[in-house]
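Here the structure is laid out as structure tokens; the discussion comes afterwards.
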Amino acid sequence: MQFQEDSRICAFVSQRTVFANSVRPATLVVYDEKIQEISYNTGEDVVRYLSQKYPGIRFNDYGSLVLMPGIIDSHVHINEPGRTEWEGFYTATRAAAAGGVTTIADMPLNSIPPTTTLDNLKIKAREAYSKTFVDVAFWGGVVPGNQHELRSLINAGVVGFKCFLCPSKIDEFPHVSVDDVKRTFMELLSTKTVLAFHAEYERNEETNLLTDDPGLYDTFLRTRPDLMELDAVKLICDWCTRYKVRCHIVHLSSAECLPLINDTKARGAPLTVETCYHYLVLAAEEIPAGSTEFKCCPPIRGKNNQEQLWHGIKNGTLDMIVSDHSPCVPELKTRGNFLTAWGGISSLQFGLSLIWTAARTRDMSLSDVSKLLSSQPAKLCGLEDRKGDLLVGMDADFVIWDPEESIKIEANDIHHKNKLTPYQGKVLFGKVIVTVLRGQFVFKEGKICDKPVGKLLLNKNVLQMIRT
């Protein structure tokens, strides 16, 4: 196809361009928000050829910096509206852009109202509209009694549904019973959507608070034993095998569940599983007393458990790595009491650096990292036809970064609304240089673009409704 001279035509060049199964020199031509052409070469001949084919083309040559598909973070709690003081679309998506994340999927809680009805989705989408610096998709929620709402949410374009098998600690989002789950499966049988589970299952004897020092992390850890996850995963694996509805386990922390998951997948069940940055880079033995910024549910476990999770990553039992970015206001987090502090970790901005710092010592390739952070989350969310890989026709979403350069996480550099994070002060490998969303620079050399350019990934009929 021959183009007339157009300033919107540009090319991105890197000697280390990350494809699904290789890292190689490449030149990517971008036009009208999409990858128009890929030349698996660089140099003067390519420049000459493309300049003739696309008059006015601009070249962005990044030398030996890594050019990778933009990160897809499929597990983010933005909390707007209702708890916007915890986080909001404007601040969360700025943090995402600074971290090389080009698409996030917002969880149905902790906003008020939660995304459990079509009307509630419209309320949330209106709040998000024109505030996002990256693209935003939305999860729907399953709570007792809302099964009749699910089809309308699917038609609106949600990427899937999330439910809790134990109390969520959010009044607006109660957990479901076994009967609720079965009714949900009946509603979803003929669809291609996915049901995601917070996989902890509480028993009465496990919910009693211990009398030990609440300022010690080990006290909290013993209130959330591996058995809570294992019991829930057994149920999910059985349901997934029986009903053949796509099931997804969010934020798996216990390596004791890996053999069961592996066996379920081997039997052909449509099961996927994620783990999180914090389970792969933090360890229970290293959490200081009173440091409640480390609290999350399920909990961070020990070093041996962490290494087993990495083994699950490398052998494919675990499919992807996400943030589960779940911030709150400081007064809910910094009381020094692990039993009463809010459980959630802020990390949306730093996932690439966190994972690369750990992966580079574990014989993992850049293509492996891209699969875990980009293509697999895109597939979970049904976005694999436009995001998560470098192919002609895909959205021109890129992160360009230096794997050899280190960063130190300082409060002044954090774009999350609330700065409290267990990673503050850490030195990590992997510095994001540029983030490109559909061909536009949204982060470049330390600065975020002036105006939000992100899109809401919902169906056109819903977008039309929220604009009017």
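The values are calculated or read from the model by the stated rules, or taken from the named source; none is laboratory data. All values reported here derive from a predicted model rather than from experimental measurement. Heads up, the Cβs are rebuilt from the backbone with ideal geometry, glycines too, and the neighbour counts pull from every protein chain shown. SASA here: full protein model, heavy atoms, side chains in, ligands and nucleic acids out. Shrake-Rupley method; radii C 1.70, N 1.55, O 1.52, S 1.80 Å.
The simple spin-label model puts a point 7 Å past each Cα toward its Cβ; for T191 and V427 those points are separated by 4.9 nm. Looking at region 392-428, the GluC sites (Glu not before Pro) that sit in a DSSP loop and have at most 14 other Cβ atoms within 10 Å of their own Cβ are E410. Of the chymotrypsin sites (Phe, Trp or Tyr not before Pro) found in region 1-109, those that fall in a DSSP loop while having at most 13 other beta-carbon atoms within 10 Å are Y40. Here the dipole of region 74-187 is about 160 debye; that uses its Cα centre as origin and unit charges on the Cβ of Lys and Arg (positive) and Asp and Glu (negative). Computed on region 13-88, with alpha-carbon pairs under 8 angstrom and 6+ residues apart, the relative contact order is 31 percent. For region 127-238, the Cα gyration tensor yields ellipsoid semi-axes of 31, 20, 12 Å (square root of five times each eigenvalue, largest first, whole Å). Residues of region 262-302 falling in the label zone of R203, defined by backbone nitrogen less than 20 Å from a point 7 Å along Cα to beta-carbon, are 298-299.
Would you mind getting me the FRET efficiency between S51 and R24? Use the beta-carbon distance for r and R0 = 30 Å, nearest 0.05. Working from the Cβ atoms, E equals 0.85.
Ranking I433, I123, I78 by solvent-accessible area of protein heavy atoms (1.4 Å probe, all protein chains present), from largest to smallest, gives I123, I433, I78. Report the longest stretch of the chain that contains none of the trypsin sites (Lys or Arg not before Pro) sitting in a DSSP loop with at most 14 other Cβ atoms within 10 Å. The longest uninterrupted stretch comes out as 9-168. What is the percent carbon and sulfur in the accessible area of the chain, measuring with a 1.4 Å probe over the protein chains and ignoring ligands? Summing carbon and sulfur atoms, their accessible area is 48 percent of the total for the chain. Rounded to the nearest Å, what's the spacing between the alpha carbon centres of region 346-361 and region 390-468? Just the number, please. First find each Cα centre; the distance between them is then 14 Å.
Per residue, how big is the convex hull around the C-alpha atoms of region 337-389? Give it to me in cubic angstrom, could you?
In region 337-389, the Cα convex hull volume per residue is 124 Å³.
Taking GluC sites (Glu not before Pro) across region 47-154, the ones in a DSSP loop with at most 13 further Cβ atoms lying within 10 angstrom of their Cβ are E85. So if I take the centroid of the Cα atoms in region 39-58 and the same for region 61-109, what is the distance between those two points in Å? Region 39-58 and region 61-109 have Cα centres separated by 32 Å. For the chain, the solvent-accessible area with a 1.4 angstrom probe is 38 square angstrom per residue. If R0 is taken as 41 Å, the Cβ-Cβ distance between K408 and Q440 corresponds to a FRET efficiency of 0.90. Which entries in K192/K444; K419/K460; K234/K431; K234/K417; K192/K371; K131/K182 show an alpha-carbon gap greater than 28 Å? Violating the 28 Å limit, Cα to Cα: K192/K444; K419/K460; K234/K431; K234/K417; K131/K182.
Checking Cβ-Cβ separations below 4.7 Å across the chain identifies C10, C163, C166, C237, C257, C276, C296, C297, C328, C381, C449 as cysteines lacking any candidate disulfide partner. Listed options for Kirkwood radius over Cα pairs in Å are (i) 22.6; (ii) 26.7; (iii) 24.5. The value calculated from this structure is the one marked (i).
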